[in-house]
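Right, one structure below, let's go through it.
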Amino acid sequence: MNLRQSGPLVFCLSLALLVGSNGCGYHLVGTSSFLPEELQLLFLANFENNTTWSDVDQRLNESLAREWVRRGRFELVEERKKAQVELEGVIRGISMVPVALDDRGRATEYQMTLTVSVRLLDVRGEEPEVLWEDKAFSRRTSYEVDLSAVDFFDRQIQAMELVSENLARALVTAVLEGF
C-alpha cells in the first residue's frame, strides 16, 4: 500500500478514535467540575488546628486562599452569611519521619506529612449539605538536614510551607474534580 492509498485509511481510523473517545469521561485535570455553576461565592473557614504546631493553620489557610483565587472558580467572601458554599476543615496531624540516615544513624532527611479532614458544604439552605468530603486528605514532602548546620528549624518551616502549598493545590483540584 502506498502513501496515497493509506490516506483514507488513516483518516477513517483517526475519525473512529475521535468518535470512540468522545464522552469517555476523560478530561484534563482542572478543566471540569461536578459542582453546579450557580455556586459562585465561597467562604473559607479557618481550619481548626488539632496539632502542637502553632502556625500550621495560618500557613494552610493562606495557601488555600491563594489557590482558590488562582483557580478563579469561586469568588471568596469574607462573611459566612454571604456565601453559597463553605470549605471547612480540621488539621488532624503533622508527622515527621526520618527517611535517610548517615553512617552514624543520625537523620539526614525527613518526610513531613500533613493530614486534614475537610468538607465542602452548600450553605444556601436551612441545613448545610455536604457536597464533598475527605476525612484523611494528606500530602507529604521531604527535606534534607545538614547536622552541622544551624538552619534545622528553618528547614522545618520551609517544609511546612511547601507541604501546605502542595496540600492546598491538591485539595482545590480534588474538590473541583469531585475526587
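Overview of values
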item: Shape metrics for region 33-177, restricted to C-alpha atoms - Rg then Dmax, Å; result: 17.5, 61
item: Ellipsoid semi-axes in whole angstrom, largest first, where each is sqrt(5λ) of the Cα gyration tensor of region 83-125; result: 41, 7, 5
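Each value in this text was obtained by applying a stated rule to the coordinates, not by laboratory testing. Given the structure is predicted, the values throughout are model-derived calculations rather than measurements.
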